[in-house]
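So the structure is just underneath, and the comments pick up after that.
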Amino acid sequence: MNTALTPQDFEDLAWLAGLKESASREAARLALVEGLSAAEAGRRVGITRDAASKAVRKCRETLERAEQLVRRRATALP
């Protein structure tokens with residue numbers, strides 16, 4: 001995912017990923033919407049780089065799964 005998400009796209013993705021309101025979720029938002037590195041996002045919200053990276057990875061994996069589902073469904077439509 002090279003393009004930053006819109007704030008609404010992130011909210012939808014966080015919901016799909018099951019991310020509750022937390023410092024990790026905010027770190028993921030900072031990384032995916034604002035373009036910060038996971039390390040910087042984690043520092044800003046007071047969590048480790050690893051914790052921030054885990055939240056970002058969960059969002060990216062969820063987005064990839066959703067995109068795969070959409071592609072499969074699009075090819076299955078008449």
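For the reader, a short list of remarks on this structure follows.
- Inside region 4-58, residues that are part of a loop (DSSP other than H, G, I, E, B) and farther than 27 Å from Leu69 by Cα make up a count of 6.
- Taking residues in region 51-76 that are over 14 Å from Leu30 (Cα atoms) and small (Gly, Ala, Ser), and partners anywhere that are in a helix (DSSP H, G or I) and modelled with pLDDT of 95 or more, the pairs with Cβ atoms closer than 7 Å and at least 6 places apart or on different chains are Ala66/Leu16.
- Candidates are the residues of region 57-78 that are touching a Leu at 6+ places or on another chain (Cβ under 9 Å) and over 19 Å from Ala38 (Cα atoms); the one that is surrounded by the most Cβ atoms within 10 Å (Cβ to Cβ) is Ala66.
- Residues within region 14-59 that are farther than 18 Å from Ala4 by Cα and acidic (Asp, Glu), tallied: 2
The values are calculated or read from the model by the stated rules, or taken from the named source; none is laboratory data. Quick caveat, the model's predicted, so the values are computed rather than measured. As a convention, Cβ positions derive from the backbone with ideal geometry for all residues, glycine included, and neighbour counts pool all protein chains shown.
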